[in-house]
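Chemist: Shown below is the structure under consideration.
The values are calculated or read from the model by the stated rules, or taken from the named source; none is laboratory data. What you are looking at is a predicted structure, and each value in this text was computed from that prediction instead of being measured. Note that each Cβ is placed from the backbone with ideal geometry, even for glycine, and that neighbours are counted across all protein chains shown.
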Amino acid sequence: MRDSGTWREYMVQRLASDPGGVKDYLQAIMEEYQTFGDLRVVLLALQTVAKAEGGISALAKRINAEPEMLSEELSSDKALTIDTLRTILNAFGCRLSIEPLETENLHPPTLILQTQD
């Protein structure tokens with residue numbers, strides 16, 4: 001029986017064979033992030049697209065970054081700076097944009113502030 005591989009491996013192969021699908025894939029990921037707020041999903045998606053387009057080293061070269069630092073940023077639990085996100089998205093042929101929320105999703109974001117005792 002043939003091993004079907006992981007979902008991520010499938011996505012890497014699919015995106016590598018259909019570069020136009022990158023925009024749709026990242027759009028779906030950003031919509032999921034908007035709904036659920038799971039940063040890890042966004043970072044994993046960026047890693048997946050990078051792998052489909054030649055790997056972290058190839059992406060680092062395109063954005064003039066050190067591969068090790070880029071890999072650390074995409075593997076971290078911390079959010080990317082907006083400038084780093086813009087640079088990576090541009091390398092993938094995408095850009096940041098603003099759209100109005102649908103009326104049923106108009107809930108203010110929750111901000112958790114930590115206080116010192």
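Chemist: Could you check how many residues of region 77-97 are within 12 Å of the chain's Cα centre (by Cα), part of a loop (DSSP other than H, G, I, E, B) and within 17 Å of residue 51 (Cα to Cα)?
Modeler: Within region 77-97, residues that are within 12 Å of the chain's Cα centre (by Cα), part of a loop (DSSP other than H, G, I, E, B) and within 17 Å of residue 51 (Cα to Cα) number 2.
Chemist: Let me ask something else about it. Taking the residues in region 1-60 that are basic (Lys, Arg) and over 23 Å from residue 101 (Cα atoms) as candidates, determine which candidate is surrounded by the most Cβ atoms within 10 Å (Cβ to Cβ). Walk me through it before giving the result.
Modeler: Here is the first cut: in region 1-60, the ones basic (Lys, Arg) are 2, 8, 14, 23, 40, 51.
Okay, now just the ones that are also over 23 Å from residue 101 (Cα atoms), so 2, 8, 14, 51.
Working: 2: 4, 8: 13, 14: 13, 51: 19.
For region 1-60, the residue satisfying everything is 51.
Chemist: Then there's this: Just one of the numbered conditions (1) modelled with pLDDT under 95; (2) under 23 Å from residue 14 (Cβ atoms); (3) in a loop (DSSP other than H, G, I, E, B) is not true of residue 100; which one?
Modeler: Unmet condition: (2).
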